[in-house]
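First up is the structure itself, then whatever we jot down about it.
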Amino acid sequence: MSMDCLFCKIVAGNIPATTIYEDEDVIVFNDIKPMAKIHFLIVPKLHLESLQSCDASQQQLLGKMLLLAPKLAAEQGLKGFKTLINTGREGGQEVFHVHMHVFGGGLPNA
Ligand code: 5GP
Ligand code: ZN
């Protein structure tokens, strides 16, 4: 856990979030500024700054995140979805704790 990491604080329960799934490895919660009707974030509980700081020891965790996307998207009623992992400042990453965006259902206010 990184004390100054927003997502570590959500993992620890110190900042509230609308959690839609949680197990020993990951937490999944709705994005606070949704860019689609459904927009959630799949977040490992382990603090990893970005995909650039992952290695083979995270292979199982990263695979688990990918396979959770269709399961949770279906639970949210989506028949299809988009995924996004922003990586590094130049890659548009704003929160430096690995997370996968899952979007679907059209624009938020449409
Ligand atoms: P990034 O640009 O790093 O890929 O995405 C970070 C995402 O985290 C953004 O979509 C942003 O809206 C979301 N976010 C930032 N702060 C919070 C927060 O306090 N709670 C939740 N649920 N999402 C947040
Ligand atoms: Zn963190």
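Once you order the gyration tensor axes a ≥ b ≥ c over the Cα atoms, which shape class does the stretch 6-86 get: rounded for a/c under 1.5, otherwise prolate or oblate by comparing a/b with b/c? Since a/c reaches 1.5 but b/c is at least a/b, the shape of the stretch 6-86 is classed as oblate.
Converting phi to 3J(HN,Hα) with the Karplus coefficients 6.51, -1.76 and 1.60 and the offset θ = phi - 60°, the stretch 38-54 yields 10, 8, 10, 10, 9, 10, x, 6, 5, 6, 10, 4, 7, 4, 5, 9, 8 Hz in sequence order, with x at every glycine or proline. Taking amide hydrogens as placed 1.01 Å from N in the peptide plane, the amide H of Tyr21 sits under 5 Å from those of Val28, each at least 5 positions away in sequence or on another chain. Shape call for the stretch 64-110 from the C-alpha gyration tensor, a ≥ b ≥ c root eigenvalues: rounded (a/c under 1.5), prolate (a/b greater than b/c) or oblate? It comes out oblate by the Cα gyration axes. Each residue of the stretch 94-99 was assigned a 3J(HN,Hα) from its phi angle through the Karplus curve 6.51 cos²θ - 1.76 cosθ + 1.60 (θ = phi - 60°); the sequence is 10, 10, 8, 8, 2, 7 Hz, with glycine and proline shown as x.
Between amide H atoms placed 1.01 Å from N, distances below 5 Å from Gln93 occur with Thr87, Gly88, all of them 5 or more places distant or on a separate chain.
Decide, for the stretch 1-49, between rounded, prolate and oblate: order the square roots of the alpha carbon gyration tensor eigenvalues as a ≥ b ≥ c, take rounded if a/c falls under 1.5, and otherwise choose prolate if a/b is larger than b/c, else oblate. It is prolate, given that a/c is not under 1.5 and a/b is the larger ratio. Neighbour counts of C-beta atoms inside 10 Å place Asp25, Asp4 in the sequence Asp4, Asp25, starting with the fewest.
Local charge for Val102 was computed over the other residues whose Cβ lies under 15 Å away, with Lys and Arg +1 and Asp and Glu -1, and equals +4.
Computed from Cα atoms, the angle from the helix 59-75 axis to the main principal axis of the chain rounds to 20 degrees.
Only the coordinates and a few stated rules stand behind these numbers; no lab work does. A quick note: this is a predicted structure, and the numbers were derived from the prediction, not measured. Every residue, glycine as well, gets a Cβ built from its backbone with ideal geometry; the counts of neighbours run over all protein chains shown.
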